[in-house]
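Right, one structure below, let's go through it.
The values are calculated or read from the model by the stated rules, or taken from the named source; none is laboratory data. Please read all numbers here as calculations on a predicted model, not as lab measurements. Because the Cβ atoms are built from the backbone with ideal geometry, glycine has one as well, and the counts that use them run over all protein chains shown. We work out accessible area using only protein heavy atoms, side chains counted, and drop any ligands, DNA or RNA first. Shrake-Rupley method; radii C 1.70, N 1.55, O 1.52, S 1.80 Å.
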Amino acid sequence: MATLSVKPGQRFTVPDWHTDVHLTSADAERQRSASHQVRQEARALRNETNNQTKWDEHDNQTRLAERISSVNRWKETLDKCLADIDVEIDALAKVKEAAECALQAKNLPLDVSIECLMLREGRCSIDVVRDLVEEELHKEVKVIDKVKRELQQRVNEAFEQLCLLQEARQQLSCDHRCKMEALEVDRACLSLNVNSPNISFKVNPTRVPDGSTALAEWEQKSRCNKERAEAEIKTSTKLREATLLAIAQTDNELEVQRVATEFALRKRIRDLERAYDELKWQEQNTLEEIAEMEEDIRCLDEDLQRKTQDLKVAHTRLETRMYRPIMELCRDQVQYGLTDEVHQLEGTIRALKRKLAESQDALDALYRQLHRTRASVDCKASSLVLDNKCVDSRRKLVLPDEKFVPEVDTFNRTTSRALSSLKNRQLAPA
């Protein structure tokens, strides 16, 4: 006969079973409720974090764009400052070069003035005078020295200002390069997104880097660079204007002094020519007077010789009549007449001798005067040659070197200008 197998274990009652079912159902409800709550909170968190992340990213994108715009504005400002300072550097360099050329050009007038002074040192005798020409030449040398010192000062100031401009430009250029690099970095950051291939986690990305500055300090630094560049440009502009004005004023001052010196030199030449003409006229008249005096001396000497012969005749007659015989030796009218003739001839001879001596002294004085006049003429001629050389030398101040042809014969160092007809007649051989 078959038997029933008995399952081991505890047996539960029906109420226990129902209780267990109710408990399991309640736990399921509680777990579902808890799960629902977690899901709702997770959804809310997701929504909140997504929105926060999007807004944070949007805000930072906006901040990056604004920062790029701000840096770009400063870059454009620096670009303009760099362009302005480059223009000013070029302009100041040209003005400095012009001042250097003007300074170099003053060497020729100075050399010419010194050459004229040295040439006029060759004057001789009474012509070695401190006349208006010499005073104007010394004044011209002083003016040129003063002008050269002023131009040299302007050149030095322009050089120093160029150094300051270059220094300001260097700071602007450095700031500009930094702005360019910052723009590249921020534009690269602005272009990043979750799909960018080069994103990764970094070690301590929120650290504050060494050497970082505050925004106000950054802006103040750029503003200082800009303001310094503008101040240096303003100073350079004033210096350029002052330098150009100084060049014009010095050129005008030198031109006025050159004209004054030329006027004095030409007036001196005219005075020398008049003195030369006067002395040549005096020399000619002296020669004529000497010729007349020599002729008169010759006539005086002939008269003296004739009077001596006449006296000899009178003496002989008187002596011969001394030998008349006895009563014939009387003091007749002939005796008285011959005696008077002797006395008259002796007085005449004494007067002629005195006048001959006076004439000879006058002739000697005329010869001495002729010598002095000829020496003075030679001196004036030499002074004329020297002053004409000065005029010829000073032509270099108004003519280009390639057009300058000296008017002085390099062989005998005399001027090649034509003499007046009066001078030609005076210099012609007698």
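For this structure, a couple of remarks:
- The set of residues in region 348-359 that are surrounded by 15 or more Cβ atoms within 10 Å (Cβ to Cβ) and either among the polar types (S, T, N, Q) or free of Cβ contacts under 8 Å to residues at least 24 places away in the same chain (or both) comprises Thr348, Ser359.
- Residues (part of a loop (DSSP other than H, G, I, E, B) and loosely packed, with under 10 Cβ neighbours inside 10 Å) located in region 202-220: Lys202, Val203, Asn204, Pro205, Thr206, Arg207, Val208, Pro209, Asp210, Gly211, Ser212, Ala214
- Residue check, Leu254 touching a Pro at 6+ places or on another chain (Cβ under 9 Å), assigned to a helix (DSSP H, G or I) and surrounded by 16 or more Cβ atoms within 10 Å (Cβ to Cβ): yes
- Selection status of Cys101, open to solvent by 50 Å² or more (accessible area, probe 1.4 Å), among the hydrophobic types (A, V, I, L, M, F, W, C) and modelled with pLDDT of 90 or more: yes
- Residues of region 94-150 classified as within 16 Å of Leu397 (Cβ to Cβ) and β-branched (Val, Ile, Thr), total: 7
- The residues of region 179-201 that are part of a helix (DSSP H, G or I) and either open to solvent by 70 Å² or more (accessible area, probe 1.4 Å) or more than 19 Å from Arg73 (Cβ to Cβ) (or both), listed by number, are Met180, Glu181, Glu184, Val185, Arg187, Ala188, Ser191.
- Leading residue by the ranking (modelled with the lowest pLDDT) among those in region 114-125 that are in a helix (DSSP H, G or I) and surrounded by 13 or more Cβ atoms within 10 Å (Cβ to Cβ): Ser125
- Look at (1) of a type in the set (A, V, I, L, M, F, W, C); (2) loosely packed, with under 12 Cβ neighbours inside 10 Å; (3) touching a residue at least 24 places away in the same chain (Cβ under 8 Å) and you find that Ala83 fails only one, number (3).
- Count of region 126-153 residues which are in a helix (DSSP H, G or I), surrounded by fewer than 14 Cβ atoms within 10 Å (Cβ to Cβ) and aliphatic (A, V, I, L, M): 1
- Check on Lys238, in contact (Cβ under 8 Å) with a residue 24 or more places away in the chain and either open to solvent by 40 Å² or more (accessible area, probe 1.4 Å) or touching a strand residue (DSSP E or B) at 6+ places or on another chain (Cβ under 7 Å) (or both): no
- Residue pairs whose Cβ atoms lie under 9 Å apart, separated by 6 or more positions or on different chains, with the first residue in region 8-20 and surrounded by 10 or more Cβ atoms within 10 Å (Cβ to Cβ) and the second at pLDDT 80 or above, are Phe12/Asp20.
- Against the conditions (1) in contact (Cβ under 8 Å) with a residue 24 or more places away in the chain; (2) more than 30 Å from Val112 (Cβ to Cβ), Gln257 satisfies every one except (2).
- Close pairs from region 36-60: first under 30 Å from Asp186 (Cα atoms), partner in a helix (DSSP H, G or I), Cβ under 9 Å, at least 6 apart: Asn60/Cys189
- Selected residue [at pLDDT below 95 and more than 52 Å from the chain's Cα centre (by Cα)] from Val194, Val185: Val194
- The condition (being out of contact with any strand residue (DSSP E or B) (no Cβ under 9 Å at 6 or more places or on another chain), open to solvent by 60 Å² or more (accessible area, probe 1.4 Å) and closer than 19 Å to Thr243 by Cβ) is satisfied by just one residue among Asp111, Asp90: Asp90.
- Of the set (1) closer than 30 Å to Ala275 by Cβ; (2) hydroxyl-bearing (Ser, Thr, Tyr); (3) surrounded by fewer than 12 Cβ atoms within 10 Å (Cβ to Cβ), all apply to Thr373 but (3).
- Checked against (1) open to solvent by 50 Å² or more (accessible area, probe 1.4 Å); (2) within 18 Å of Ala105 (Cβ to Cβ), Glu160 passes all but condition (2).
- Set Ala291, Ala381: member being open to solvent by less than 60 Å² (accessible area, probe 1.4 Å), out of contact with any helix residue (DSSP H, G or I) (no Cβ under 9 Å at 6 or more places or on another chain), within 30 Å of Ser125 (Cβ to Cβ) and not charged (D, E, K, R): Ala291
- Those residues of region 324-368 which are under 17 Å from Lys312 (Cα atoms) and under 60 Å from the mean Cα position of the chain (by Cα), in sequence order: none
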